[in-house]
Amino acid sequence: MNPDSSKPFSYDLEVLTLVNNEGEGFDIRKVFTHCKIWEDISQNFLLGEIGISDSTGMLENAKIFGQETLRIRFKSPFGMEDEIHDDDVIDQIFRIYKVGQVQRIGQNTLIYLLQFSAPEFIQSRRIRISQAFRGSM
């Protein structure tokens, strides 16, 4: 039996990669403080935010300004079996749309939030859909 299977908030984070607009990838598993992903009843898309504690200057070096890609791949241990089926692994690509709440902590550390969404959310904001109807309804 897996010792983590009885812990409801346990997970195995395999990939947490930020890719900037120049195609450079950054593994941010060691610098994130929290990650929240949620659904909203009024939205058709997954939304989320990730907190970053940056002491290496990643915000400037990676040129993060809110149009990057974020890949998250994780699995949660559950049940009595140690083996997790591939269908139970979450592997999702998101688009970062906002960098916010930037605060300097100490001399060399910045903390900030990256807000992200499913790529369809960004696409839906760019496309305007309208149609005119003629005649009576």
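The values are calculated or read from the model by the stated rules, or taken from the named source; none is laboratory data. Computed from a prediction, not measured in an experiment: that's the story for all the values here. Cβ atoms come from the backbone with ideal geometry, glycine included; neighbour counts cover every protein chain shown. Note: areas computed on protein heavy atoms with side chains; ligands, DNA, RNA excluded. Shrake-Rupley method; radii C 1.70, N 1.55, O 1.52, S 1.80 Å.
Cut-off 14 Å, label point 7 angstrom out along Cα-to-Cβ of residue 111: give me the residues of the range 13-50 whose amide nitrogen falls inside.
Residues 31-35, 50 qualify, since their backbone N sits under 14 Å from the label point.
At 0.36 nm per residue, minus the direct Cα-Cα distance, what do residue 41 and residue 93 gain on full extension? Give it in nm, one decimal, please.
Between residue 41 and residue 93, full extension yields 16.6 nm more.
Taking the full set of protein chains and a 1.4 angstrom probe, give the accessible area of residue 75 in square angstrom, rounded to the nearest 10.
Accessible area, nearest 10 Å²: 50 Å².
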